[in-house]
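A.B. asks: So that we are looking at the same thing, I have put the structure below in structure tokens.
Any read-out appearing in this document is the output of simple, stated calculations on the displayed coordinates, not a laboratory observation. Note that the structure is predicted; figures quoted are calculated from it, not measured. Please note: Cβ atoms are built from the backbone with ideal geometry, for glycine as well, and neighbour counts cover all protein chains shown.
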Amino acid sequence: MKQNPDTDEGLERLIGTALRELPLRQAPAALELRVLRELERRAALPWWSRSLAHWPLAARAVFVAICICLAGATLLAGPWAASAFESLHDSTAAMPWAREAAALTSIAGELLSLFVRIIPPAWLRDALTVSVLLYAAFFGLAIAAYRTLYVRPGIAGDGA
């Protein structure tokens, strides 16, 4: 079916005019009061109780640095945990599951160290760069989707 552009534009103007002539609806007084109280309560929260976007830049940088350090410590703790489980190897008679856990942890640590030795450093650097770029793209798309779907123009805090 072919549509007539003149008819579509006339209909669009007619509907737009009818909608503009409708009176604005007022929120119930109780709802308005609750919303204003909630906005005041959220504005009074300390920065660490708000979302990460509201934190000071220095606090965000420290948080990211701590997360990176914890991720690195987690990767480095694998071989250490394997050796710790190895030392428990003699005392596993009372805990039969500990022997299997120690073996699995040891294997995982050996595989990780093997991969680190086999994979060229340039590949690791490139993989890390690609991962960072993909995460940045994901967060950028998530922000764009949020702004498109939930943030309406003219609302305070939009930045528009």
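A.B. asks: Under a 5 Å amide H to amide H cut-off, with H placed in plane at 1.01 Å, what residues pair with Val151 once short-range neighbours are removed?
C.D. replies: Here nothing satisfies the definition.
A.B. asks: Shifting gears a bit: Using r as the Cβ-Cβ distance of Phe139 and Ser49, and R0 as 22 Å, what FRET efficiency do you calculate, to the nearest 0.05?
C.D. replies: Working: r = 22 Å, r/R0 = 1.00.
The pair Phe139/Ser49 has a calculated efficiency of 0.50.
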